[in-house]
Amino acid sequence: MKYLDKLADNQVLYEYTKAFFDGDIPDFLERYLTLPMFQTLEGKGQFCGVENANLFHPKSKYNRLDHSMNCAGIIWHLTKDKKRTIKALCHDLSTVSFAHTIDFLLKDTINQNAAESLIDRKRMLSSSKEFLNYLKEDGLTLEDICFLEQDSLIDLPRPGLCVDRLEGIMHINYIWLNTCALEDIKTILNDLRVLTNEQGKEEIGFKTPAVGQLFFELMLNYAYCMQSKEDKYPMQFIADLLSIAIKDGLLTLRDLYTLKEEKIVSLLKENYEIWQTFEKIDYVKSSNICPSGYYVAVDAKKRYAIPLVQIGPKTMRITDFDVLCNDKLQQFWKFKEQKYLFHDKINMLVREDLC
């Protein structure tokens, strides 16, 4: 069954995904989806496990394969380059279940790249002869997939806008936060261009300032969400409970790659009553006074992007010519939740040196 056919019963995902492709999904992408490593991505949610609480109200479930396909769609839309499109499809193959929540587990909340080191990406990919054969037939090598940072459209340091960051901002707004319409997504996609940044590298940007401004507003929604108590609290809670489950011998770090999230959630639900309470929470409190019982006190990575816009013959960051956008960015830099995050009914989970 083709990918879009599988989405036919989910109108939200079907229409969203169609927007990323100029027509149907190319057959050269479809054949990769038959491989187990891509099917594994279907069992890994894009929202780091936060959807297990009742703090947000997304339109739909959205997994790592959905995200990877739509990243590939953007690159295909922009370049019609088969090799780069396949690279985009492969960019998340080493992602573990709960994704960046595992960075919280590994005490890497600022950089959020520790979870990537749990999997030997090259060894994992090289174990599939079929995958290697497909790459060879498509003119790619394993090194092309393992070192995606060599392609600036796919992986680029902030404040640059690469495809992973771009699609992440769009799905957070459209599916997770309900802060934009599908027409906004289409407007953004139709205005995208491959521009040249300050370092002389290719970067995804915008043809017109008005669409760049629209995207910048969505970027701020995303950036504030990633810093919010409603996001940090559940991520740290899940990380702490996973840590306990690992110490209790229910899970291993390796299981975080091989098991689907729903299987891990079932294990947590069956063995820890606190999970039932966690699923029902619909608010998080914050205070600068340390509460009794369980609390979260973490700084998290500031996730953001400052898009490039074509201004006549020049290419500029939007904050370099738009005073309002620059002011809003400065306000974001100053934003900080109160130190301690907690919920009245979550008081039984004890973490060493914090509670």
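The numbers here are math on the coordinates, done by the rules we state, and not lab data. Note that the structure is predicted; figures quoted are calculated from it, not measured. For neighbour counting, all protein chains shown are included, and Cβ atoms are generated from backbone atoms with ideal geometry for every residue, glycine included.
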Note on segment 59-210: C-alpha Rg/Rh, Kirkwood Rh, two decimals, gives 0.97
Averaged over all viewing directions, the convex hull of the alpha carbons in segment 202-355 casts a projected area in nm² of 12.2 nm²
Length gained, Val194-Tyr14, 0.36 nm per residue minus C-alpha separation, equals 62.2 nm
Length gained, Lys59-Thr258, 0.36 nm per residue minus C-alpha separation, equals 68.9 nm
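Treating the beta-carbon of each Lys and Arg as +1 and of each Asp and Glu as -1, no other charges, what is the dipole magnitude of the chain about its Cα centre, to the nearest 20 debye? Let's see the in-between values first.
On the way: 45 positive and 52 negative charges, 77 e Å.
For this selection, approximately 380 debye.
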Per DSSP, the loop-located trypsin sites (Lys or Arg not before Pro) within segment 214-275 having at most 11 other beta carbons within 10 Å are Arg254
Rounded to the nearest 5, the percent of antiparallel DSSP beta bridges in the chain equals 90 percent
Placing each pseudo-label 7 Å from Cα in the direction of the beta carbon, Asn221 and Ile289 end up separated by a distance in nanometres of 3.6 nm
Looking only at lysines whose Cα falls under 18 Å of Lys229's and that sit 8 or more positions away or on another chain, we get Lys107, Lys280, Lys285, Lys301, Lys302, Lys334, Lys336, Lys339, Lys345
Over the chain, the sum of -39500 (n - 2.57) across DSSP H runs of at least four, divided by residue number and rounded to 500 deg cm²/dmol, gives at 222 nm -13000 deg cm²/dmol
For Phe206, other-chain or 5+-apart residues with amide H closer than 5 Å (H placed, Pro excluded) are Arg193, Leu308, Val309, Gln310
Volume per residue (Å³) of the convex hull spanned by the alpha carbons of segment 158-212 is 83 Å³
Residue separation between Asn133 and Asp299 times 0.36 nm, minus their alpha-carbon distance, gives in nm 55.4 nm
Of the residues Leu78, Gln276, Leu341, the Cα lying farthest along the dipole of the chain towards its positive end, which is defined by charges on the beta carbon of Lys, Arg, Asp and Glu, belongs to Leu341
With DSSP loop assignment and no more than 14 other C-beta atoms within 10 Å, the GluC sites (Glu not before Pro) in segment 139-243 are Glu198
For 1-13, 108-120, ranked highest to lowest by mean beta-carbon neighbours within 10 Å, the order is 108-120, 1-13
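Filter the GluC sites (Glu not before Pro) in segment 251-285 to those in DSSP coil with at most 11 other Cβ atoms within 10 Å of their Cβ, and list the result. List each step's numbers first, then the result.
Numbers: sites: Glu261, Glu262, Glu270, Glu273, Glu279; in loops: Glu273.
Answer by residue number: Glu273.
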So, with points 7 Å from each Cα along the Cβ direction, the Ala210-Thr277 label distance in nm works out to 5.2 nm
